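Below is one structure, written out as structure tokens; the observations come after it.
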Amino acid sequence: MEQRRGDLIIRLANGISLRRLYFDSHPRVVAASVEIAADLAAVLGDGTRESFDIGVYGGKFVHEGCYLVGPSIAGRALIDFAERLGCGGFVFGASVTSADLIAFFRLGAEKSETLAGLAEARAVFARHGLAHIGLSAPFSEEGTDPLQSDAAPGGNDRVAADFAPLVEIYQSMYASVSANALAIGTGAALDCGATRAAAANLAGLAADDALDVMQFLRYPDFDSYTIGHSVRVAALSSVLGRALGWPAQILAELATAGLLHDLGKSRIPPEILFKPGRLDEDERRVMDSHVELGARVLLDGGERSALVLSAAWGHHRRHDGGGYPAMPGWYRVGVVAELMHVCDVFEALTARRPYKPALSARHAYEIMLEDADSYHPRLLASLIETLGIYPPGSEVQLSDRRRAVVVGRGQDLDRPRVRLTHAPFGAPLPADERQVLDLAVEDSLCIAGLIPTDADAVR
Ligand SMILES: [Fe+2]
Ligand SMILES: [Fe+2]
């Protein structure tokens with residue numbers, strides 16, 4: 001349910017972003033509203049709850065005493081809407097229709113002023129016929145603290161307060177990629193300054209912090225995956241750059257380059273960009289042109305950093321001279337574009353996307369090593385060495401047959417910190433028994449193996 005809850009929240013936020021780009025009856029707005037209405041009906045259909053509630057507090061989503069890390073990063077548009085309304089969240093009833101959702105997206109997209117209070121917000125909702133979507137009172141009004149629990153968000157071992165500043169940094173990265181994509185779609189000016197500011201904050205994070213948050217970043221639908229992908233590539237590239245000993249100023253540029261590397265995709269027609277099946281040759285050529293389009297859009301937008309431009313233009317060039325854009329055999333792209341290429345492929349393999357499950361890091365390394373000529377050998381080796389085979393989020397089997405999820409790197413890459421999830425013969429542990437263990441100090445325990453993801457299992 002947690003994953004489903006998070007996905008629904010992100011898709012509701014994306015509905016608002018989509019409505020900013022299009023109009024009520026646009027097929028993509030309509031399709032989003034129909035899918036979300038069906039999902040809400042499915043979630044509420046078992047009769048265990050009467051409504052789907054989303055709490056908003058302190059610029060983040062909260063549920064049962066915890067911040068929801070992933071949805072708070074990718075669902076900022078919905079948080080902003082709640083803040084403008086002055087409410088503590090939304091309550092979606094079982095009879096919400098796609099028409100209700102379209103009206104909700106329209107209000108979220110168009111209502112830019114902050115309302116005087118909850119009463120006014122409820123009156124606005126009533127005026128727009130939103131009878132099945134309620135607004136909850138702000139937590140401060142109710143006198144309750146929504147973060148009273150020390151339980152960890154999304155299965156991580158860190159308390160909510162620990163994550164708050166990290167979430168804000170990721171929110172600003174997500175917002176800047178999404179704002180630039182919107183700017184291209186609507187003909188407005190790019191704001192690379194905001195992207196640089198967000199990237200500088202990321203580059204200032206310790207590697208463990210950047211990776212710990214990365215595992216929560218989800219993108220459940222077509223509209224959010226280029227944005228989520230860019231944020232994760234930015235995080236990976238700055239972690240890898242740091243491991244290579246590159247200076248702080250370069251790390252910030254690298255993170256900027258990661259955030260902007262696929263900007264050209266905003267110029268690809270949606271019917272090709274979001275086509276669920278295989279692209280034909282002509283469509284593939286159009287899709288591949290996102291690298292030149294990206295570099296052009298950045299140049300036209302005033303971007304002058306050679307590092308950022310070369311990453312946008314060259315991140316699909318292979319180390320052996322292949323890839324695209326096509327160039328003479330002697331031509332080599334710079335090391336930054338090669339680093340972006342390594343991070344780009346690793347991110348795509350390990351991400352769960354609407355059309356494919358996530359691969360484990362180990363499986364992704366195997367695939368990349370089978371095509372090793374594509375990558376700068378030192379950069380690929382550094383990626384594997386830096387992330388290890390158990391990056392945060394990996395599910396593992398322990399030597400005593402219990403199962404756990406990796407929640408952070410330890411001093412030794414083979415002995416990370418883990419949170420127990422299952423008893424020895426597969427029964428899930430109740431929440432209060434999901435203890436965090438640091439395998440670096442648990443001498444009698446070690447990792448016996450990775451639990452294959454669905455995708456690994458079918459291999
Ligand atoms: Fe790309
Ligand atoms: Fe990419």
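The values are calculated or read from the model by the stated rules, or taken from the named source; none is laboratory data. Note that this is a predicted model, so its numbers are computed, not measured. So basically every Cβ, Gly included, is an ideal-geometry build from the backbone, and we count neighbours across all protein chains shown. Note: areas computed on protein heavy atoms with side chains; ligands, DNA, RNA excluded. Shrake-Rupley method; radii C 1.70, N 1.55, O 1.52, S 1.80 Å.
Restricting attention to segment 54-92, the residues that are open to solvent by 20 Å² or more (accessible area, probe 1.4 Å), modelled with pLDDT of 90 or more and part of a strand (DSSP E or B) total 2. Does ALA116 satisfy the criteria of being over 25 Å from VAL43 (Cα atoms), surrounded by fewer than 22 Cβ atoms within 10 Å (Cβ to Cβ) and in contact with a helix residue (DSSP H, G or I) (Cβ under 6 Å, 6 or more places away or on another chain)? For ALA116, the condition - over 25 Å from VAL43 (Cα atoms), surrounded by fewer than 22 Cβ atoms within 10 Å (Cβ to Cβ) and in contact with a helix residue (DSSP H, G or I) (Cβ under 6 Å, 6 or more places away or on another chain) - is not met.
When segment 26-56 is filtered for residues that are under 23 Å from SER178 (Cβ atoms) and not β-branched (Val, Ile, Thr), the ones remaining, listed by number, are HIS26, PRO27, ARG28, ALA31, ALA32, SER33, GLU35, ASP39, GLY55.
Suppose we keep only residues that are within 19 Å of ARG278 (Cα to Cα) and not aliphatic (A, V, I, L, M) within segment 347-367. Which one would you say is surrounded by the most Cβ atoms within 10 Å (Cβ to Cβ)? Outline the logic, then answer.
Our first condition is that a residue be within 19 Å of ARG278 (Cα to Cα); within segment 347-367, this holds for 348-349, 351-358.
Next, from what is left, pick out any that are not aliphatic (A, V, I, L, M): 352-357.
On the way: ARG352: 17, ARG353: 15, PRO354: 13, TYR355: 9, LYS356: 12, PRO357: 13.
For segment 347-367, the residue satisfying everything is ARG352.
One residue stands out in segment 282-300 among those that are among the aliphatic types (A, V, I, L, M) and open to solvent by less than 30 Å² (accessible area, probe 1.4 Å): the one that is nearest to ligand 2 (Cβ to nearest atom), namely VAL291. Answer yes or no as to whether LEU279 is surrounded by 24 or more Cβ atoms within 10 Å (Cβ to Cβ) and not hydroxyl-bearing (Ser, Thr, Tyr). Against the criterion (surrounded by 24 or more Cβ atoms within 10 Å (Cβ to Cβ) and not hydroxyl-bearing (Ser, Thr, Tyr)), LEU279 does not qualify. Among the helices (runs of 4 or more DSSP H) confined to segment 278-387, the ones with at least 1 residues that are away from ligand 1 (no atom under 16 Å from the Cβ) and of a type in the set (Lys, Arg) are located at 361-370, 377-387. Being among the aliphatic types (A, V, I, L, M), part of a helix (DSSP H, G or I), at pLDDT below 95 and away from ligand 1 (no atom under 14 Å from the Cβ) is a condition met by at least one residue of segment 214-221. If you go through segment 400-447 and pick out every residue that is closer than 20 Å to ALA361 by Cβ and exposed (fewer than 13 other Cβ atoms within 10 Å of the Cβ), you end up with 3.
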